[in-house]
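Undergrad: The structure that follows is given in the form of structure tokens.
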Amino acid sequence: MDQSISWITVGSVEDIPRQGSRVVRTAYGDIALFRTVADEVYALEDRCPHAGGPLSQGIVHGARVTCPLHSWVIDLASGEAVGPDEGCAGHCPVRVVDGAVQLGLAAFRPGCGGCGHG
Ligand code: FES
């Protein structure tokens, strides 16, 4: 992980339901924090690369989320759609330190609508 990233605490990992999400408002728009059953935490823009659906309302399974609108599956680590769909959601470095969820917002990477790169 890039040591030059400045980290901003946005809450506690306990605030995020397991296999669920919580949305935080940032200068980059709404960021959905996802927590897996294994307590891994990921941060994606709350906007599906397909048609802007709210990924925070999707179903988390493994390290992926299924969009509630048309069921695209998005990889939580990269923000990329799982094939055959192509596209990527904006994503942000995230870490958990002593139970606090921290975002590296300055390293936020915007998504793309169907271009296929992460
Ligand atoms: S908006 Fe997410 S699959 Fe269509």
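Undergrad: What list of ³J(HN,Hα) values in whole Hz, one per residue of region 81-86 in order, does the Karplus curve 6.51 cos²θ - 1.76 cosθ + 1.60 (θ = phi - 60°) give from phi, with Gly and Pro shown as x?
TA: So the Karplus estimates, Gly and Pro as x, are 5, 7, x, x, 6, 10 Hz.
Undergrad: Hey, what's the chain come to in accessible area per residue, 1.4 Å probe, Å²?
TA: Using a 1.4 Å probe on heavy atoms only, each residue of the chain averages 50 Å².
Undergrad: Please list, in chain and number order, the residues 5+ apart from residue 76 or on another chain whose amide H is under 5 Å from its amide H, with Hs placed from the backbone.
TA: Under 5 Å from the amide H of residue 76 lie the amide H atoms of 64, 65, each far enough along the sequence or on another chain.
Undergrad: Go through 18-30, 36-48 and give me the packing order, highest mean Cβ count within 10 Å leading.
TA: 36-48, 18-30
Undergrad: Which whole-number percent is the relative contact order of the chain (Cα, under 8 Å, 6+ apart)?
TA: Worked out over the chain, it gives 25 percent.
Undergrad: Could you work out how much longer the chain between residue 6 and residue 109 gets when fully extended? Use 0.36 nm per residue separation minus the Cα distance between them, nm to one decimal.
TA: Stretched fully, the residue 6-residue 109 segment lengthens by 35.6 nm.
Undergrad: Just round it to a whole percent: the fraction of Cα-Cα distances in the chain exceeding 16 Å.
TA: 54 percent
Undergrad: What's the carbon and sulfur percent of region 8-107's accessible surface, probe 1.4 angstrom, rounded to a whole number?
TA: Values: 2200 of 4650 Å².
Answer for region 8-107 is 47 percent, counting heavy atoms of protein chains only.
Undergrad: Moving on. For the residue pair residue 23 and residue 37, what label-to-label distance in nm results when each label sits 7 Å from Cα along the Cα-to-beta-carbon direction?
TA: So the two model labels end up 2.7 nm from each other.
The values are calculated or read from the model by the stated rules, or taken from the named source; none is laboratory data. These numbers were taken from a predicted model, which means no experiment stands behind them. Virtual Cβ from ideal backbone geometry, glycine too; neighbours counted across all protein chains shown. All accessible areas refer to the heavy atoms of the entire protein, side chains included, with ligands and DNA or RNA removed. Shrake-Rupley method; radii C 1.70, N 1.55, O 1.52, S 1.80 Å.
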